[in-house]
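Please treat every number below as a calculation from the coordinates, not as lab data. For clarity, every value in this text was computed on a predicted model and none was experimentally measured. Counting neighbours? That spans all protein chains shown, and the Cβs are built from the backbone with ideal geometry, glycine included.
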Amino acid sequence: MNYIIGAFKPACHISITFFDGKSRKQVPSKKENGQTLMVPLFQSQENIVGKISIEPVSGKKVEHNGIKVELLGQIEMYFDKGNFYDFTSLVRELDIPGELYEQKTYPFEFSSVEMPYETYNGVNVRLRYVLKVTINRGYAGSIVEYQDFVVRNYTPPPSINNSIKMEVGIEDCLHIEFEYNKSKYHLKDVIIGKIYFLLVRIKLKNMDLEIRRRESTGSGANTHVETETLAKFELMDGAPVRGESIPIRLFLSPYELTPTYQNINNKFSVKYYLNLVLVDEEDRRYFKQQEITMLRLAETS
Amino acid sequence: MMAGVAEDEEKWLSAGITGLQQNAFYMHRALDSNNLKDALKYSAQMLSELRTSRLSPHKYYELYMRAFDELRKLEMFFKEETNRGCSIVELYELVQHAGNILPRLYLLCTVGSVYIRSKEAPAKDVLKDLIEMCRGIQHPVRGLFLRSYLSQVSRDKLPDIGSEYEGDADTAMDAVEFVLQNFTEMNKLWVRMQHQGPARDKEKREKERSELRDLVGKNLHVLGQIEGVDLDMYRETVLPRVLEQVVNCKDEIAQYYLMDCVIQVFPDEYHLQTLETLLGACPQLQPSVDIKTVLAGLMERLSNYAASSAEVLPTFFQVEAFAKLNIAIGKVIEAQDDMPIYGAVTLYASLLTFTLHVHPDRLDYVDQILGACVKKLSGKGKLNDSKATKQIVALLSAPLEKYKDIDTALKLSNYPHVMEYLDNGTNKEMSNVIIQSIMKNRTCISTAEKVEALFELIKGLIKDIDENLQDELDEEDFKEEQNSVARLIQMLYTDDTEEMMKIIHTVRKHILTGGPKRLPFTVPPFAFSALKLVRRLQSQNENVSGEEVAATPKDIFQILMQTIEALSSVPAPELALRLYLQCAEAANDCDLEPVAYEFFTQAYILYEEEISDSKAQVTSIHLIIGTLQRMHAFGVENRDTLTHKATGYSSKLLKKPDQCRAVYACSHLFWLDEHNDMKDGERVMLCLKRALRIANAAQQMANATRGSSGSVVLFIEILNKYLYFYEKGGVADYR
């Protein structure tokens, strides 16, 4: 039995470890099968250093035409599944063709790697970084091992961050003025604001603030837009009268947000919107959508 | 249909309770296992039951109370959690992640309470944040309950002076600001209820609102309990802000309830010092607000306060409480055009009570109030509103009770004017009250002027006010009231004979207007009162002879003569006869022979002409004999005439035994112990013999008609007389 299973097993075991794997921050990452796995976190311009150890299954020799490690930045569109577009590709040769009889360890290093885009798992698009080890074998097919890692890039706090202030309404029916304290929020930020009712002639039932993510993929005629509502936060219960002002305080930390991505490698964009929704007693919805910029600040801790 | 609604409501309530309990159960489990995340999740779900719109406030309250109990447990847990090292600031943020606003805010208030207790942030800041966030609930019922929850959990955590949460310099102001703001917002929500939903449900809505009013009023209670609210702050901040809200909300129910609350909640001395502000708000209220009850409540409180200790009275004078109240009442009555009469009168009655407590010496105030009342009533004719009448009676009774002295009331020039507006029945009743007050306090009315005023006041009892209106009064009641008038006449008395004479004139003038029905009641006390004066004059004359006196007994007798004559119109001959005899006796004592004779003559005329009933005759003749016997002023001639007449009447009585008795009684007319010249034994004998004859005749008659010889009582009685005179030496022999 063991022998038969052994026949389908890879001929060797490859493990990739990072030099600072113990101390480096790990973040959860969703795999294709839906499982979440903790993976190391990098940012652009970091050195990615580690070692790869290859251990042939006991007593077998592995013949190969060379061993290499690649660092790949890939974008995968779901309508074009399995087809990766590599926007970054770095290679290190680890060994010249030969034979492996016993465990052998190869150090590797990619210095100051340019990783401009963040890892992203969207509805229609995925951006990932991966280390790929390949043992080239002519006739038997190559042995390949992957190690995912996550890239997050931090931006400094914006120097200009205006509030969003706007008066909207339906003539002789509803006039409101709303204000969000900023137009650019970081991922752990709090949205502070208020809604001021200038005129209320409809019987409102409640008011919500939604955070919506708009992911557009492709370009030109093939553009595909997907909008998700990530947060639905009730701001008001009941019918206000003229002159009431309703406070907004929405903590962003509980939601799974990313920074705003502008035209990533001409492949996709991710934008965020605040959608203020007023619902009347007949369940009619009145809403006003405002784009906000999301950004990732370096974590202080 | 209504039953259906109630049934449905019951169903919704029990569904709500079930949901709440279920989530509370999971919450407890999470609490027990120190699972904060689940605790928050299930508590939010539990609180979601409070999002219902289907329950009436009454039922909603039931649900709320259950949630309230659960939240106490959650609060304990939060407290323990912070003790275990969980940051309260983080916790404060964490609960705000809840997506639904109502559960979120309940949780926020709960954590906020722990936050304040932790003292990691000034109470003022946390409270400010909470009150601001609560604006998110605009639904009246849910908002009121949420804010009431906030008020409940923050009550013992206000940054009040002396509290452990006390903050910097303006700390009490912060506490006040917080409560005031909560009060304002709650009142707005409460008032808003009135304007939501269809018009046909108005009544139901008003009922629901009244069920919720205490939630709003609670804030004022809290304000009243804040230590830091001293008079200055109350005057400068609290009262103006509360009144501003009350006036501006323009809601009848709220204004009435809140004004009353303000009056009840804050201390009396504050009211006194801010009277102008408080009263200034009254005319600005909606015209339909029952402002009189509110003001009456205020005045009652102030009255009690004034009564509580004499030390506070100077403050009342200092702030000119009366003037302010008086002006305010005037303005309110002016502002509220359609205020019913009884409302205005109630206000005046309350003001009067207040005045009597605070300014017992200021009769002019009292008169002023009555004057204002008259002004309000003028042109309206007699009142037929029973409520108003009742209030007027109260208004008029108050000074009587207070001063216990009718004198004072008589000085009030407007008093009788007010009485005029009462209907006849009440007028009489009021008159009775006045008389009773006089009787109870044994006040003597001692000048003719006052008597005049008094009679003016009680004229309802003295004469028929409306000639056309035949009194349908109960005979008993009439007797009762006339008896009290009779008693009253006895109270009109002074030691000054001259003045007394005037009084007598006045009384006479008034009672003569009373008509035949009243005279029998009023003339006797009058007569006796006059006779009393006669006797007084008599004794005075003995003491200080030679002095010129204005009133002579003769004059009085003249008056009496005329007055008693008036009884003939009733007619009440027996009564008149008695009075004549009384007068005669009095005249006798004054040695006024002609006057006494005249009275006797009148009495005889009455006997002859008016008294026909045999029984009455018997009584009368005995009275005549008795009186005549005591007369000593008569000369022989006059006396002979009168005695002769008397014996003549006696023998003409109908029944033999009556004849007999009258005749032997006549015997005394000829024998006066103390006058030796009036001991005529012969004529005594004649009388007795005649009596014997009649007795014999009586017996024979009895024999003839009934067959039995009858009793010998008469003989024994005659024997008795014989023995009497024998002892006196009047009868020489006995047959």
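Sequentially through region B:107-119, phi angles give Karplus couplings (6.51, -1.76, 1.60; θ = phi - 60°) of 5, 5, 4, 5, 5, x, 4, 5, 4, 4, 4, 5, 6 Hz, Gly and Pro residues having no value and appearing as x. Couplings 3J(HN,Hα) for region A:51-61, derived from phi with the Karplus relation 6.51 cos²θ - 1.76 cosθ + 1.60 (θ = phi - 60°), are 9, 10, 10, 10, 10, x, 4, 2, x, 10, 9 Hz, where x marks Gly and Pro. Neighbour counts of C-beta atoms inside 10 Å place B:S431, A:S53 in the sequence A:S53, B:S431, starting with the fewest. Overall, region A:1-122 carries a charge dipole of about 480 debye about its Cα centre when +1 sits on the Cβ of Lys and Arg and -1 on the Cβ of Asp and Glu, all other atoms neutral.
What spacing in nm lies between the two simple spin-label points modelled at B:K440 and B:E311, each 7 Å away from Cα in the Cβ direction? Taking the two extended label points, one gets 3.2 nm.
Rg ratio for region B:234-377: its Cα radius of gyration over 2.2 N^0.38 Å, N being its residue count, equals 0.99. Computed over Cα pairs, the Kirkwood radius of region B:55-111 leads via Stokes-Einstein (1.567 mPa s, 4 °C) to a diffusion coefficient of 105 µm² per second.
What is the mean number of Cβ atoms from other protein chains located within 10 Å of the Cβ atom of each residue in peptide A:238-250, rounded to a whole number?
On the way: counts 14, 5, 5, 6, 0, 1, 4, 2, 6, 6, 2, 8, 2.
Counting other chains' Cβ atoms within 10 Å and averaging over A:238-250 gives 5.
Label separation (B:D156 vs B:R706): 9.7 nm, computed from points 7 Å beyond Cα along the C-beta direction. Computed from the alpha carbon atoms alone, the convex hull of chain B holds 284 Å³ per residue. Amide H contacts of A:K182 (H built 1.01 Å from N, in plane; Pro and chain starts excluded): A:I164, A:I192 sit under 5 Å, all sequence-distant by 5 or more or on other chains. From the backbone phi of region B:130-141, what are the Karplus-calculated ³J(HN,Hα) couplings (6.51 cos²θ - 1.76 cosθ + 1.60, θ = phi - 60°) in whole Hz, Gly and Pro given as x? Result, rounded to whole Hz: 4, 5, 5, 5, 5, 4, x, 9, 9, 6, x, 5.
A straight line joining the Cα centroids of region B:283-310 and region A:250-279 runs 62 Å.
By DSSP, the beta bridges lying fully in the protein assembly as shown are antiparallel in about 95 percent of cases. Amide hydrogen proximity for A:F108: with H placed 1.01 Å from N in the peptide plane, the residues at 5 or more positions away or on another chain lying under 5 Å are A:G50, A:K51, A:I52.
Just to verify a number: FRET efficiency for B:S386 and B:E565, C-beta to C-beta distance, R0 = 41 Å, to 0.05?
Values: r = 43 Å, r/R0 = 1.04.
Computed FRET efficiency for B:S386 and B:E565 comes out at 0.45.
Computed from Cα atoms, the angle from the helix B:341-358 axis to the main principal axis of chain B rounds to 80 degrees.
In the protein assembly as shown, the C-alpha radius of gyration followed by the widest Cα-Cα span (Dmax) gives 55.0, 192 angstrom. Its Kirkwood hydrodynamic radius, worked out from the mean inverse distance over all distinct Cα pairs, puts region B:592-656 at 12.1 Å.
In this rough spin-label picture, where each label sits 7 Å from Cα along the Cβ direction, the B:M65-B:R536 distance is 7.2 nm.
Between B:R362 and B:E498, the FRET efficiency from the beta-carbon distance, with R0 = 51 Å, is close to 0.95.
What per residue convex hull volume, in Å³, do the alpha-carbon atoms of region B:1-122 yield? Mind showing how you got there, number by number?
On the way: hull volume 11.2 nm³, N = 122.
Output value, Cα hull per residue: 92 Å³.
When all alpha-carbon pairs of region B:470-538 are counted, what percent fall beyond 16 Å? The calculated P(r) of region B:470-538 puts 48 percent of pairs beyond 16 Å.
Based only on other Cβ atoms within 10 Å, what is the fewest-to-most ordering of A:I96, B:I611?
Values: A:I96 9, B:I611 19.
With the sparsest Cβ surroundings first, the list reads A:I96, B:I611.
For region B:411-438 versus region B:49-90, the spacing of their alpha-carbon centroids is 63 Å. Neighbour counting of Cβ atoms within 10 Å sorts the residues B:V247, B:V176, fewest neighbours leading, into B:V247, B:V176. In this structure, the amide hydrogen of A:L100, modeled 1.01 Å from its nitrogen in the peptide plane, lies closer than 5 angstrom to those of A:V62, A:E63, A:H64, counting only residues at least 5 positions away or on a different chain. For chain B, the longest principal axis of the Cα atoms and the long axis of helix B:713-728 meet at an angle of about 70 degrees.
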